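The values are calculated or read from the model by the stated rules, or taken from the named source; none is laboratory data. The shown structure was predicted, so the numbers you read here are calculated from the model rather than taken from an experiment. Here the Cβ is made from the backbone with ideal geometry for all residues, glycine too, and neighbour counts use every protein chain on show. All accessible areas refer to the heavy atoms of the entire protein, side chains included, with ligands and DNA or RNA removed. Shrake-Rupley method; radii C 1.70, N 1.55, O 1.52, S 1.80 Å.
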Amino acid sequence: MIDLTTNEEQIERNARYCAQNDIILPTYDEMQRPQIVPEAIKAELKTIAREAVHPRNLFRVTWENEPVEHGGTYGGVNYLELPAVLTGVPARIVGLVGKWFPTGAHKVGAAYSCLAPTLVTGQFDPDKNMAVWPSTGNYCRGGAFISRLLGCKSVAILPEEMSQERFEWLKNMANETIATPGCESNVKEIFDKCHELSRERGAEVFIFNQFEQLGNHLWHHEVTGPAIERVLSELMGPRDRVAGTCVSSGSGGTIAGGEYIKSKFPHAKLAVSEAAQCPTLLANGFGGHRIEGIGDKHVPWIHNVKNTDMVVAIDDEDSMRLFRLFNEPVGREYLVSKGVPKETVDQLGLLGISCVCNLLTAIKFARYYELTENDFVTTVFTDSAGMYQTRLAELEEARGAYTRDDAVADYALLQAIRTDQLLELRYEDRKRIHNLKYYTWVEQQGKTYDEINAQWHDRDYWSSIYAVKPKLNRLITEFNERIKVYRKQ
Ligand SMILES: Cc1ncc(COP(=O)(O)O)c(C=O)c1O
C-alpha cells in the first residue's frame, strides 16, 4: 500500500526547504484537471520553457500541456487519432500523446507520484536523501527531472543497451547514471543494483522502484484514465461504444489508465501487450527485444492481472519497420500517396517505438473483436520519435537507405496485421500470470505471501489505492499551505 505514515518534524523541515527553493506541489486534482491550477501559476508558466529546470514545471505533469516548447499553459488533452486508411481497421483508434510532458514522455507523472507522497509525509528528506530511479529509460529521466525541480540528488539506473538519446539527456540531469548489463528486458540486473546501492549507502538512498510502487499505478488510474475519458467524451457520438484500452506493459503503470476506463464503460476491455521476443504474459517466456520501455521478463507487482482481458505479443521487427515507415521521408511520402491525410502523416513522429507497438496492439484487438467505425479503442503514445533518432540511423546503416520498395512492403505489413500471438484471458489464464509474480516478488524482492494473495483475493486491495488520492490531495494542499507560511517569514 502507499505508506502515508507522517513524520511531523521532517514535514516542517521539508516545507521550509520547499519555501526556500520556491517549490509548490501540484495535487492529483490539478494534474487531472489543470484548468483549476491557480492563475498566478499559469502566468508564471507562460514565461518558462517546457524542459526548463524550474520548480513551476511540476505543474506541467499533466496530459493537457499546450503543445509548444516554451511558455504554454493548458489546452485540451493531447491525443492523436489514426485513420482506417493507415490502420487497416475501421475502429477509431485514439492515443494520448506523451511528447508534451517535460522530458517528452508521460513517465514523469509516475515519478512525481512516487516521490511526492514521501515528501509531504516527511518520509523523504530532500536535503539528505538521494532519489534512486530504476528504469529502462523514461522513468529514470522523469525521476531525474523531478529530483532536479525539487533540488534533490538523483541516481538513474538503466540497462546499457538503451538508446543513446536517453544517456545523453541524463548526463545533464541526473547526479549519477548507472548502466547495468544487458538490454530492455534485463530488469533483474537493475533490481540487483538497487539492492547493492542500499547495502553500500544505507539510509542515504531512497529507492523508487516503479515496478512495485503503487504511486505509479495510482497516477495512471487517476490522471491518465480521466484524460482518456475526456478525449472519449469529446469524440464519441450517441451510437458509439468504447471497446477498450490497449497498452503495453513496462512497469505496468499505464495499464491502470485502462482499468479506469473499464470502471467507467462497462463493455470496455483491457488488452496488455509485450514483445513477441519476450512473451512473459503470453507464454511465461523470456528473451531480449528492441521495444524500449516495455516487457521486462517479469510481471510487475503493480499490474492488477485479474482485471486484464487479453494479452498480445507484438513482433519487435514489425515495430521497428513501421517506426521507419512513419519517420523516413520516403515512407511518409508513400503514406500520403496511399491516402493517409498529410496532417496525420506529419504527426507520426509523435510515436516512439513502443507507441508503434501499442498501435499494433490496438489493431490486433480491433481485428479480433471485428470492431466497426462506431467502436473506440484507446491507447497511449508514451514518448516520441525524438528519443530514437539514433535507432533510425542504426537501421539505415544496417539495412541501407529507406526506399519506396521498403515503404510498399511496410505499409502492406501494416494492412496485414492479424490476430496471431494473442490470448483472450480466461480466469485460469489470469491466475497463471498472477502466479508468475511469486517468483520475482515474493522469492526475490521481499514481498509477502499474504500481500500477493491479497492482490488476487481481496476485493478491496486495488480500490483502496484509489481511496488514497483524496488523502494525498489533502496532504499536498496542507503542505503547500505550510510552504506559504514559511515564504512570508
Ligand atoms: C517508451 C515507453 N513505452 C512504454 C512504457 C511502459 O509504460 P509503463 O511503465 O507505464 O508500463 C515505458 C515505461 O518506461 C516507456 O518508457
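Values for this structure:
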item	result
Using a Förster distance of 25 Å, the FRET efficiency for PHE286-GLU394 (Cβ separation, nearest 0.05)	0.55
Net +/- balance of residues flanking GLN32 in space, Cβ distance below 11 Å, scoring K and R +1, D and E -1	-2
Accessible-area composition of the chain, carbon plus sulfur, in percent [1.4 Å probe]	49
Per-residue ³J(HN,Hα) for the stretch 200-213, Karplus 6.51 cos²θ - 1.76 cosθ + 1.60, θ = phi - 60°, Hz, x for Gly and Pro	6, 10, x, 5, 4, 8, 10, 8, 9, 7, 4, 6, 10, 7
C-alpha long axis of helix 8-20 to longest principal axis of the chain, angle in °	70
15 Å reach of a label modelled at GLU478, 7 Å along Cα-to-Cβ, counting backbone N of the stretch 113-127	117-123
Whole-Hz ³J(HN,Hα) from phi, Karplus 6.51 cos²θ - 1.76 cosθ + 1.60, for the stretch 144-159, glycine and proline x	5, 5, 4, 4, 4, 5, 8, x, 10, 7, 9, 10, 9, 10, 8, x
For THR177, residues with placed amide H under 5 Å, excluding near neighbours	ALA156
Considering only the chain, percent of DSSP beta bridges that pair antiparallel, nearest 5	20
Solvent exposure of the stretch 345-489 as accessible area per residue, Å², 1.4 Å probe	48
Nearest-20 debye value, the stretch 426-466 charge dipole, Cβ charges on Lys, Arg, Asp, Glu	200
Using alpha-carbon coordinates, inclination of helix 255-264 to the longest axis of the chain, degrees	80
Part-to-part distance (alpha-carbon centres) for the stretch 160-224 and the stretch 278-307, which is given in Å	17
Anisotropy class of the stretch 146-202 from Cα gyration tensor, a/c 1.5 cut	oblate
Loop-resident sites, the stretch 45-130, for trypsin sites (Lys or Arg not before Pro), counting at most 15 other Cβ within 10 Å (DSSP)	LYS46, LYS128
Which of TYR486, ALA407, ILE476, positive extreme of dipole for the stretch 398-489 (C-beta unit charges)	TYR486
Cα long-axis angle, helix 427-437 against the chain (0 to 90 degrees, to the nearest 10)	50
Whole-number percent relative contact order across the chain, with pairs defined as alpha carbons under 8 Å at least 6 apart	19
Prolate/oblate/rounded label for the stretch 287-412 (Cα gyration tensor, a/c 1.5)	oblate
5 angstrom amide H check on SER273, placed H, neighbours 5+ away	VAL247, SER248, SER249, VAL312
³J(HN,Hα) computed for each position of the stretch 93-108 - Karplus, 6.51 cos²θ - 1.76 cosθ + 1.60, integer Hz, glycine/proline x	9, 10, x, 5, 9, x, 4, 8, 6, x, 6, x, 8, 5, 5, 4
Cα gyration tensor, the stretch 204-312 - rounded (a/c under 1.5), prolate or oblate	oblate
Amide proton proximity set for ILE93, modelled H, under 5 Å, gap of 5+	LEU82, VAL377
Å² of accessible area per residue within the stretch 251-312, as computed with a 1.4 Å probe and no ligands counted	27
Loop sites in the stretch 165-262: trypsin sites (Lys or Arg not before Pro), DSSP, at most 15 other Cβ within 10 Å	ARG239
